[in-house]
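K.L.:
If you scroll down you'll find the structure; I have some questions about it.
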Amino acid sequence: MSTTTVEKVPTGRHSLDPVHSTFGFAIKHNGVSTFRGQFEQVDAKLEDGVLTGSAQVESVKTAIPDLKQHLLSPDFFNAAETPTVEFRSTDIRITSGDEVVLEGELTIRGVTKQVTAKGSIAHGENIAGTEVVGFDLEARVDRREYGLNWQATLPSGGDVLAWDVVLEVHLELMKA
């Protein structure tokens, strides 16, 4: 794919290429390492300058398969009552070169909060000649703001999990 400098957000409707897209999260664990997970069922589109996306909570995957049930429980995502994580941009700004800042609304567990994601944007054509747009984004959120309050105490007195979570989104969207 050859890319070009993006001066403005591409117009038209662009749909997710799920093979080349991921939505994951990273959180400090035991105060010493970073634990990562991701959602395997995601959807997104860029239409008329608005980026929207969602992830099916039930599709959460981690390196520890037994952890999935705890993440789906009311201690974390409460998947039975709130089966999706959703995002809708309210502003997309290309700041310089390929750098982009997205302002938007993130909904987790039915709680919607303003969030800022930063990263890069690329624009070009895929091997079939179809226009594609790529976003590599990162946002930091305090999980307590979304009701993800589970915590345990380490023998030293510290927290097992950090309160800040880094959301990592990599999207490739094809023009419809």
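K.L.:
With every atom except the alpha carbons ignored, what do you get for Rg and Dmax of the chain, in angstroms?
P.N.:
Over the chain's Cα set, Rg and Dmax evaluate to 17.2, 57 Å.
K.L.:
Rank-order 64-75, 131-142 by packing density, defined as the average count of other C-beta atoms within 10 Å over each peptide's residues, highest first.
P.N.:
131-142, 64-75
K.L.:
On to the next question. Roughly how many Å² is the accessible area per residue of the chain, as a whole number, for a 1.4 Å probe?
P.N.:
With the other protein chains kept in place, the chain gives 54 Å² per residue.
K.L.:
Continuing with the same structure: Filter the cross-link list K118/K175; K45/K68; K61/K118; K28/K175 down to pairs whose alpha-carbon distance in this structure exceeds 31 Å.
P.N.:
As for pairs spanning more than 31 Å Cα to Cα, those are K28/K175.
K.L.:
Another one. Please work out the FRET efficiency for the pair T52 and R140, using the Cβ-Cβ distance as r and a Förster radius of 30 Å; give the result to the nearest 0.05.
P.N.:
With R0 = 30 Å, the Cβ-Cβ based efficiency is 0.90.
K.L.:
How big is the dipole moment of the chain about its Cα centre under a simple scheme where the beta carbon of each Lys and Arg is +1, that of each Asp and Glu is -1, and everything else is neutral? Debye, nearest 20, please.
P.N.:
The dipole of the chain has a size of about 300 debye.
K.L.:
Pick from F25, F87, F35: which is most flexible by mean-square fluctuation in a GNM of the chain where alpha carbon atoms under 10 Å apart are linked?
P.N.:
Among F25, F87, F35, the largest GNM mean-square fluctuation belongs to F35.
K.L.:
How big is the charge dipole of the range 30-95 about its Cα centre, in debye rounded to the nearest 20, if each Lys and Arg gets +1 on its Cβ and each Asp and Glu gets -1 on its Cβ?
P.N.:
Once rounded to the nearest 20, the dipole reads 260 debye.
The values are calculated or read from the model by the stated rules, or taken from the named source; none is laboratory data. Quick caveat: nothing in here was measured; it's all calculated off a predicted structure. Neighbour counts are summed over all protein chains in view; Cβ atoms, including those assigned to glycine, are modelled from backbone coordinates with ideal geometry. The accessibility values were calculated without ligands, DNA or RNA, using every heavy atom of the protein model including side chains. Shrake-Rupley method; radii C 1.70, N 1.55, O 1.52, S 1.80 Å.
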